[in-house]
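**Student:** My structure is below; once you've seen it, I'll send some questions.
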Amino acid sequence: MAEIWAKSAAEGGPRAAAGAAKASVDLHLDLGTRVRRDLEAALREAVRTGRLGPGTRLPSSRALAADLGLARNTVAEVYSQLVAEGWLTARTGSGTSVAERRAADPAPGLLARSEVAVPRYDLRPGVPDLSAFPAGAWLATARKVLASAPRQLLGYPDPRGLPQLRAVLAGYLARARGVAADPGRIVICAGFAHGLAVTCAALHAAGAATLAVEAYGHQAHRDLAQAQGLRLRPLPVDGSGAVIGDAAGADAALLTPAHQFPLGVTLHPQRRREAARWGGVVIEDDYDGEFRYDRQPVGALQALAPDHVVYAGTASKSLAPTLRLGWLVVPPKLLDAVAAQLTAGPSGLDQLILAEFIDSGGYDRQIRRTRLAYRRRRDRLAAALRGQGRDITGIAAGLHAVLDVPRAEGERQLIARAARHGLALQGLESFRVPGTSADRAGLVIGYGHPPEHAYTTALARLCAVLDS
């Protein structure tokens, strides 16, 4: 069966060109030897499945016939037949268009599943308030960048990232997080997951076999490491953070030292020193290092051992996850191996915009504004639960808190009860490394995601679920 591209040319002079921008469409049609029947079936199927939406103006019979190499009468007959059946409409002077049709109602079962799958209120961790994205400032920065950037910068960027962004990040990370960052050692990646996959692949290529991971963390991150060929070794986490001594024999370790995810503890100074002296490579996930509320943020572990700590940060919490902008500060001994694993990274244009946004002070203003907003949300969450005689932990930083519950069964029951009330919650069980001991049960309550207008109701529903 021949595959034919049919394009409405709108090349019939000024009158045809006037509606070209709106009316011109490309059609991909499968036609066999019985062209009239096949063309009729292909157009009917395209309308029925939504490939051609209601109101789409089709090429004239003359233009479509020319594109397909058919007689004009054949196309005209097909159009007439589909008009008669109600698939198309034809008006003098307006050409032939796809007829308006009433959309089919979704099946009751599908509707019910959709309503259950998309909760109205979401207190799961990991996502910031998307309504806090500084759209106006970002758009103004984009206009400035587009007006002044040399056009060659809009081509394929250096896989390691644009030099402009790496230079600006070196200054920002040294100032705000205490990172020892030379621009030549910074690599731009498409978010933390991309950076982790690249780093693990580089480690494996260099001969690493085992990655120590905190016993509580993202399952997706553990899956990424295993997909690159690394075995996992769980590290217990207590009130002082990850037990670094249990990493002996591993080749690398993935840690969240500033604010352990999800338990919320800060790695004890003694254990920070242990990690700095440890012989393996440490991947430091600094996922929310800027958001500390009750005292100055804890500096990056990387500053203590820049020769064997890979520092990873992103703009996902401070701006928005969809930008897919992250960065790695890589030790010299790993830099070539990491660079060899890089493929497509973030948009070069987005990198330029972020560089200008940081350089102009817009990024710092965004951090300060959102830090204040999230601190107020944390305080409201703590006050609401304190009113029920409950305390939360891990609240000195970040965008989530932990509410302990007596047992894993109670954790699952609360999550199910919340779902019936349109509230999404997540428990510690979903973050624990499979096969490790269930030493703790609780809810991991993310207070960053709901927009401000929905936060009050989300807290009320949470309290109702806990109270019942």
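The values are calculated or read from the model by the stated rules, or taken from the named source; none is laboratory data. Computed from a predicted structure; not experimentally measured. Ideal geometry is used to build each Cβ from the backbone, glycine not excepted, and the neighbour counts take in all protein chains shown. Areas reflect the complete protein model, heavy atoms only, side chains present, ligands, DNA and RNA absent. Shrake-Rupley method; radii C 1.70, N 1.55, O 1.52, S 1.80 Å.
**Student:** So, with a 1.4 angstrom probe, what is the percent of accessible area on the stretch 369-468 that is carbon and sulfur? Don't skip to the end; give the middle numbers.
**Tutor:** Details: 2360 of 4590 Å².
Here carbon and sulfur together make up 51 percent of the probe-accessible area.
**Student:** Accessible area per residue, 1.4 Å probe, Å², for the chain: what's the number? Walk me through the numbers on the way to the answer.
**Tutor:** On the way: 21950 Å² over 468 residues.
The answer is 47 Å² per residue.
**Student:** Can you give the three extents of the C-alpha atoms in the stretch 207-337 along their principal axes, from longest to shortest, in whole Å?
**Tutor:** The principal-axis extents, from largest down, are 38, 33, 28 Å.
**Student:** Sticking with this structure for a sec: Wrap a convex hull around the Cα atoms of the chain, take a quarter of its surface area, and give that in square nanometres. The partial results should precede the final answer.
**Tutor:** Numbers: hull surface 115.3 nm².
Result: a mean projected hull area of 28.8 nm².
**Student:** Let me ask you something else. Can you give me the % of accessible surface on the stretch 212-316 that is carbon or sulfur? Probe 1.4 Å, all protein chains present, nothing else counted. Could you put the intermediate results ahead of the total?
**Tutor:** Numbers: 1800 of 3620 Å².
Answer for the stretch 212-316: carbon and sulfur cover 50 percent of the accessible area.
**Student:** State, to one decimal in nm², a quarter of the convex hull surface area for the C-alpha atoms of the stretch 369-468, i.e. the direction-averaged projected area. Intermediate values should be presented prior to the final figure.
**Tutor:** Values: hull surface 26.4 nm².
Over every viewing direction, the Cα hull of the stretch 369-468 projects on average to 6.6 nm².
**Student:** Separate question: List the relative contact order of the stretch 242-341 as a percent without decimals, with contacts defined as Cα pairs under 8 Å and 6+ residues apart.
**Tutor:** Working: 136 pairs, mean separation 21.6, N = 100.
Relative contact order comes out at 22 percent.
**Student:** May I ask you to order 130-141, 434-445 by the average number of other C-beta atoms within 10 Å around their residues, highest value first?
**Tutor:** On the way: 130-141: 15.0, 434-445: 16.6.
Descending packing order for the listed peptides: 434-445, 130-141.
**Student:** Provide, in order from the shortest bin, the percent of all Cα-Cα pairs of the stretch 275-359 in each 10 Å bin, continuing until the bin that contains the maximum pair distance.
**Tutor:** Going out from 0 Å in 10 Å bins, the stretch 275-359 shows 15, 40, 36, 9, 0 percent.
**Student:** Placing unit charges on C-beta atoms (Lys and Arg positive, Asp and Glu negative, everything else neutral), compute the dipole magnitude of the chain about its Cα centre in debye, rounded to 20. Intermediate values should be presented prior to the final figure.
**Tutor:** Details: 56 positive and 44 negative charges, 207 e Å.
Its charge dipole is roughly 1000 debye.
**Student:** While we're looking at this one, here's another question. With θ taken as phi - 60° and the coefficients 6.51, -1.76 and 1.60, list the Karplus ³J(HN,Hα) couplings across the stretch 162-171 in order, rounded to whole Hz; mark glycine and proline as x.
**Tutor:** Coupling constants for the stretch 162-171: 5, x, 4, 6, 5, 5, 5, 5, 4, x Hz.
**Student:** Here's something else I'd like to know. Tally the DSSP beta bridges in the chain and give the antiparallel ones as a percent, rounded to 5. Intermediate values should be presented prior to the final figure.
**Tutor:** Details: 31 of 49 bridges.
Just about 65 percent of them are antiparallel.
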